[in-house]
Amino acid sequence: MKKKSNPKSDSAKESQTQNKRQANGWWGEGPVFVFLYDKRKKEAITNGVAEEILQFIKESENTLYESEALRVIRIDNEYSHPVLFVDTGKETGLDQLDHLRMAGYRLAKWAENNAIKTLMIPPLKEDSLAKRYAILQGLCHASYAFDKYKSKKHKRTDVEYLFADNMEIDGNSLQTLFSGIDFAKDLINEPGNALTPAIMANIAQSIAHKLGLTIKIRKTKELEKDGYNGLLTVGRGSKNEPAMVTLSYKPKQKCIYHLAYVGKGITFDTGGICLKPQDKMSEMKCDMSGAAIVLAAIKVIAELKFPIEVDAVLCLAENRPGENAMLPGDIFKAKNGKTVMVENTDAEGRLVLIDGLAEAAELGATHIVDIATLTGAIRRALGTSIGGLFSNSEGLTETLIESGAEQGEKWWRMPMDEEYADSLKDKVADIRNIADDGPGAIVAALFLKEFVKKDLQWAHLDIAGVDFVSKSYKYTEYGATAFGLKTLVETAKKYSEDEIRS
């Protein structure tokens, strides 16, 4: 016999359920279901009919939360599950994978802010590992917070993300990559008093010891002995002596390719005697982004055991106007024998990089990539979304751009027209570190080219526009972006795959 319902008890039960939902932030205890769609294109990304869903959103009276790109609606059925609708087409100019990264990022931020325990993501239309990884990367980006110096720490909420199918994902590789990204961001976000060249060298040494990498640390005496005068010239104004740190990862098998990543590591840049303006000088702690990125890159590569030989060269110094600081007009001899005149002490990054380029060549690298917050000119040319790429190699350029595109990092190849090289000729020395006028980012790349050994494939990545954000952009709310790290790891992976095919 079917039991008749009791209106009174049903009402009380509904009241208890409603109170329970309120106690759980209006979302209830069950999973929140997710629907991804592109509002502008009227396309469904996850399974479903976009037109019907959009009409439902428009007509629904059960909206629990709404923002520009997110909307939470409770479906009236016996389970009464809330459904989260995420617009993946909010930004313009992004490719589909980066739209999915942004969707994952917003999804995770909303879940964490509202103490959601479980999110259920249905199968994607035209599903692929690349799309799945993009969403997962967005989720991972959202978990980062730099609160080391906050009295009140960021409260983390463990959210379970369930994909409603059986597609296998290499979660270990993703976790290793984002561990490296968070590591690089932590280094870049550290203030100058907490991350001197010596401290960063010690961090590199601990990583080398843990992962079995060979490491060589040169400080003042060793730099003098080996003729690395760029670092010595830049670093002599600070009580914290400069250092060159070289880490090497070698797999057991013999390799065709040998990559060397060289990173600019000015742990704080005042501009030296040519002092920078006060405005936002505090953010010049990020002038070691290149060194942090190459250190994180070799860490990830070693942990993932890529079958390719890789070196990371960190060019570490502080640029300060001390009593022994370099002066405009000073001249020093570089490792390759060329004399360099310091026209401007705030163009110091290229002076330390030429030492790193020389070191990479001596290590026997076949491909060299340097990465640096080098010029304000690249920011004026490409803005805050695209990094500048200069290279003497078509193949290396293609690999870097392709690697970046797959990982949501945009690069634009810049010209290195020799016509501008004449502007670097000096009346007293062989070359000077800036030109009187002209395209600053191109001139800086041409300067570096003078110190690249012939016949080596080389690329220079200028990240001065994309390394650090003062206001929220994409999946960084403030501070370091670690832009370029994913590109370097993916580039090493591609050359590794070539090794295996060979």
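Read-outs throughout are calculated quantities, based only on the coordinates presented, and are distinct from any laboratory measurement. These numbers come from a predicted model, not from an experiment. Ideal geometry is used to build each Cβ from the backbone, glycine not excepted, and the neighbour counts take in all protein chains shown.
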(message) Once R0 is set to 41 Å, what does the formula 1/(1 + (r/R0)^6) return for the Cβ-Cβ distance between Glu224 and Lys152, expressed as a FRET efficiency to the nearest 0.05?
(response) 0.30
(request) Please find the FRET efficiency linking Ser393 to Lys338, where r is the Cβ-Cβ separation and R0 is fixed at 25 Å, and quote it to the nearest 0.05. (result) 0.65
(request) Give the long-range amide H neighbours of Thr118: residues separated by 5 or more places, or on another chain, with amide H under 5 Å away, using H modelled in the peptide plane at 1.01 Å from N. (result) Val32, Glu160
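Given 0.36 nm per residue, what is the gain on full extension from Lys117 to Arg413 after removing their alpha carbon distance, in nm?
102.1 nm
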(request) Apply 1/(1 + (r/R0)^6) to the Cβ-Cβ distance of Glu283 and Lys239, taking R0 = 25 Å, and write down the FRET efficiency to the nearest 0.05. (result) 0.65
(request) Could I have the simple spin-label model distance between Asp498 and Ile331, label points 7 Å from Cα toward Cβ, reported in nm to one decimal? (result) 4.1 nm
(request) Could you work out how far apart the two model spin labels at Lys276 and Gln205 are, taking each label as a point 7 Å from the Cα in the direction of the beta carbon, and quote it in nm? (result) 2.8 nm
(message) Using only alpha-carbon positions, what ratio does the radius of gyration of segment 253-370 give when scaled by 2.2 N^0.38 Å?
(response) 1.21
(message) Distance between the C-alpha centers of segment 81-96 and segment 282-300? Whole Å please.
(response) 31 Å
(request) Name the residues whose placed amide hydrogens come within less than 5 Å of the amide hydrogen of Ile266, ignoring near sequence neighbours (fewer than 5 apart) on the same chain. (result) Met288, Ala317
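Could you list Lys153, Lys264, Lys285, Lys216 so that the one with the fewest beta carbons within 10 Å of its beta carbon is first and the one with the most is last?
Least crowded to most crowded, the residues run Lys153, Lys216, Lys285, Lys264.
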(message) Binning at 5 angstrom from zero up to the longest distance, how are the C-alpha pair distances of segment 178-272 distributed in percent?
(response) 2, 11, 19, 23, 20, 13, 8, 3, 1, 0
(message) Can you give me the long-range amide H partners of Gly271? Hydrogens built in the peptide plane at 1.01 Å from N, cutoff under 5 Å, separation of 5 or more residues or another chain.
(response) Lys276
(request) Report the net charge of residues surrounding Lys338, where surrounding means a beta-carbon distance below 14 angstrom and charges are Lys +1, Arg +1, Asp -1, Glu -1. (result) +4
(message) Using each residue's phi in segment 107-117, evaluate 6.51 cos²θ - 1.76 cosθ + 1.60 at θ = phi - 60° and report the 3J(HN,Hα) Karplus result to the nearest Hz, with x for Gly and Pro.
(response) 4, 5, 4, 5, 4, 5, 5, 10, 6, 6, 8
(request) Holding the Cα-Cα limit at 31 Å, pick out from Lys264/Lys425; Lys427/Lys454; Lys125/Lys486; Lys90/Lys210; Lys216/Lys427 the pairs that are longer than that. (result) Lys90/Lys210; Lys216/Lys427
(request) Please turn the phi angles of segment 172-186 into ³J(HN,Hα) values with the Karplus equation 6.51 cos²θ - 1.76 cosθ + 1.60 (θ = phi - 60°), one per residue in order, whole Hz, x for glycine and proline. (result) 5, 5, 5, 5, 5, 4, 6, 5, x, 5, 5, 4, 4, 4, 4
(request) Report the label-to-label distance for Thr214 and Asn324 in nanometres (one decimal), using points 7 Å from each Cα along the Cα→Cβ vector. (result) 3.1 nm
(request) Out of all DSSP beta bridges with both ends in the chain, state the antiparallel percent to the nearest 5. (result) 45 percent
(message) So for the chain, averaging the separation of alpha carbon pairs under 8 Å that are six or more residues apart and normalising by length, what relative contact order in percent results?
(response) 13 percent
(message) Tell me the mean residue ellipticity at 222 nm calculated for the chain from its helices only (DSSP H runs of n ≥ 4, each -39500 (n - 2.57), averaged over every residue, nearest 500).
(response) -11500 deg cm²/dmol
(request) Calculate, in nm to one decimal, what Glu168 and Lys454 gain on full extension: separation in residues at 0.36 nm each, minus their alpha carbon distance. (result) 98.4 nm
(message) Can you compute 3J(HN,Hα) from phi for each residue in segment 298-311, using the Karplus curve 6.51 cos²θ - 1.76 cosθ + 1.60 with θ = phi - 60°, rounded to whole Hz and x for Gly and Pro?
(response) 5, 4, 5, 4, 5, 5, 8, 6, 5, x, 8, 7, 9, 10
(request) Could you name the aspartates and glutamates whose alpha carbon sits less than 14 Å from that of Lys471, not counting residues in the same chain fewer than 8 places away? (result) Glu283
(message) Only counting other Cβ atoms within 10 Å, I'd like Cys255, Cys140 sorted with the fewest neighbours first.
(response) Cys255, Cys140
(request) Report the extension gain between Ala194 and Tyr473 in nm, rounded to one decimal, defined as 0.36 nm multiplied by the number of residues separating them, less their alpha carbon distance. (result) 97.8 nm
(request) Rank the residues Phe483, Phe146, Phe306 as a footprinting-exposure proxy: fewest other Cβ atoms within 10 Å of their Cβ go first. (result) Phe146, Phe306, Phe483
(request) Take the alpha-carbon centre of segment 133-151, take the same for segment 308-373, and report the distance between them in whole Å. (result) 33 Å
(message) For the chain, compute the orientation-averaged projected area of the C-alpha convex hull (one quarter of its surface), in nm².
(response) 29.0 nm²
